[in-house]
Amino acid sequence: MLRVVVLGAAAGGGVPQWNCGCPVCLAARTEHPELKSTQASIAISADGAHWFLINASPDLRQQLIATPQLHPRAGKLRHSPISGVILTNGEIDAIAGLLSMREGASFTIYAHPKVLSILKANSIFNVLNEKVPRQPIEEDKTFEPTLPDGSPSGIEILPFAVPGKSAWYLEGEVHAAADDGAGDTLGVRVRDKATGKHFYFLAACAAVKDDLRSRLAGAPLIFFDGTVWRDDELIAAGLGNKTGQGMGHIAMAGDNGAIAALAGLDIERKIFLHINNSNPALLHDSAEREIAERAGWQIPADGTEIVL
Ligand SMILES: [Zn+2]
């Protein structure tokens, strides 16, 4: 049985974002606290006892407190059910949570060599001591993360490249690893080895091309980049000068948006993740929310658990 817990569904900044007075952030602070959401991350487990995080958001501490499955086991003085963290990119909202895991538990970090090089180049991550091995992963090559005692987890991960861009804070910088775009943005397929049940996780994706459409066709479940509703949303709302594309994220709407590009593929359950607070589809009574739901998409609340 494959268990998935949505620890957070929001994009960088969360909902509400500390310095934002947009309609969604304002509503989350006042009459609609149910809109509150932490930054995107999920936890997965094949046995219900050992868990792996996919990305470690800056809100990780809050997410762990809110998730009983990830609490230390009763009777243990020091313990965490978290056996590993799989990183799909090097953005702050995917890696900063590692700094909240510095108190000496043993787990493994799995990431593309490019992301590992970012961690290595930033000495603050050295607070994760020798108990935290860093395991490189390769595109198009499956791996099985292990439990702290070295035994297999029963979960098979297949990382694959998706259109994206390098981390925001590295724009214009000489990268510690190669600067060819490889390893910037990964999608992953997560599969329970015992049952064959699987799902896809793509928290960032700049475009849906035919190869991705065929990969996702017929999937039982996908988590997909829902950062913005429309490409120029931040600019139109006066919130910033970046487009969705400029940040490496496909829009939900429009002819080339995720809703249109992933329609008709016989995907059983489609869930948007990494949703920016500027996105009007977050508002329950918005026209955008209705369009997304009519197209079969869900916007999850933090803490949503799914069993496959
Ligand atoms: Zn906002």
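What residues qualify as long-range amide H neighbours of Leu7, i.e. H under 5 Å apart, gap of 5 or more or another chain, H built at 1.01 Å from N?
Ser41, Ile42, Ala43, Gly303
Sort all Cα-Cα distances of the stretch 54-174 into consecutive 5 angstrom bins from zero, then give the percent of pairs in each bin up to the one containing the longest distance.
That works out to 2, 10, 19, 24, 20, 14, 6, 2, 1, 0, in percent per bin.
If you take the alpha carbon radius of gyration of the chain and divide it by 2.2 N^0.38 Å, what ratio comes out, to two decimals?
Working: Rg = 18.3 Å, N = 308, 2.2 N^0.38 = 19.4 Å.
Rounded to two decimals, the normalised Rg is 0.95.
For the stretch 226-233, just list the computed ³J(HN,Hα) in residue order, Karplus coefficients 6.51, -1.76 and 1.60, θ = phi - 60°, integers in Hz, with x standing in for Gly and Pro.
My calculation for the stretch 226-233 gives x, 3, 10, 6, 10, 4, 9, 4 Hz in order.
For Phe224, enumerate residues with amide H under 5 Å from its amide H, sequence gap 5+ or separate chain, H modeled in the peptide plane.
Leu202, Ile271, Phe272, Leu273
At 7 Å along the Cα-to-beta-carbon direction for both Lys209 and Arg269, put a label point, then send me their distance in nm to one decimal.
About 3.1 nm separates the two model spin labels.
In square nanometres and to one decimal, what's the mean projected area of the convex hull around the Cα atoms of the stretch 29-114? It would help to have the intermediate numbers written out before the result.
On the way: hull surface 27.6 nm².
Value for the stretch 29-114: 6.9 nm².
At q = 0.14, 0.21, 0.33 Å⁻¹, what log₁₀ I(q)/I(0) does a Debye calculation on the Cα points of the stretch 17-58 give, no solvent, two decimals?
Log-scaled intensity ratios, in q order: -0.50, -0.72, -1.07.
If you plug each phi of the stretch 266-278 into the Karplus form 6.51 cos²θ - 1.76 cosθ + 1.60 with θ = phi - 60°, what whole-Hz ³J(HN,Hα) values come out, in order, with x for Gly and Pro?
3J(HN,Hα) across the stretch 266-278, in whole Hz: 6, 8, 5, 9, 10, 10, 7, 9, 6, 9, 6, 5, 7.
Toward the positive end of the charge dipole of the chain, about the Cα centre and with charges on Cβ (Lys, Arg +1; Asp, Glu -1), which of Ser57, Leu273, Pro145 goes farthest?
Farthest towards the positive end: Pro145.
Which one of His198, His274, His71 has the biggest mean-square fluctuation once the chain is modelled by GNM with Cα springs under 10 Å?
Evaluated over the chain, the most mobile residue of the options is His71.
List the pairs from Lys141/Lys209; Lys165/Lys270; Lys131/Lys270 whose alpha-carbon separation is above 29 Å, in the order I gave them. Please report the intermediate quantities before stating the final value.
On the way: Lys141/Lys209 21 Å; Lys165/Lys270 23 Å; Lys131/Lys270 37 Å.
Going by Cα-Cα distance, Lys131/Lys270 fall outside the 29 Å limit.
Each reported figure results from applying straightforward, stated rules to the coordinates on display, with no laboratory input. Since the model is a prediction, treat every value here as computed from it, not as a measurement. Glycine gets a Cβ as well: all are built from the backbone with ideal geometry, and neighbour counts include every protein chain shown.
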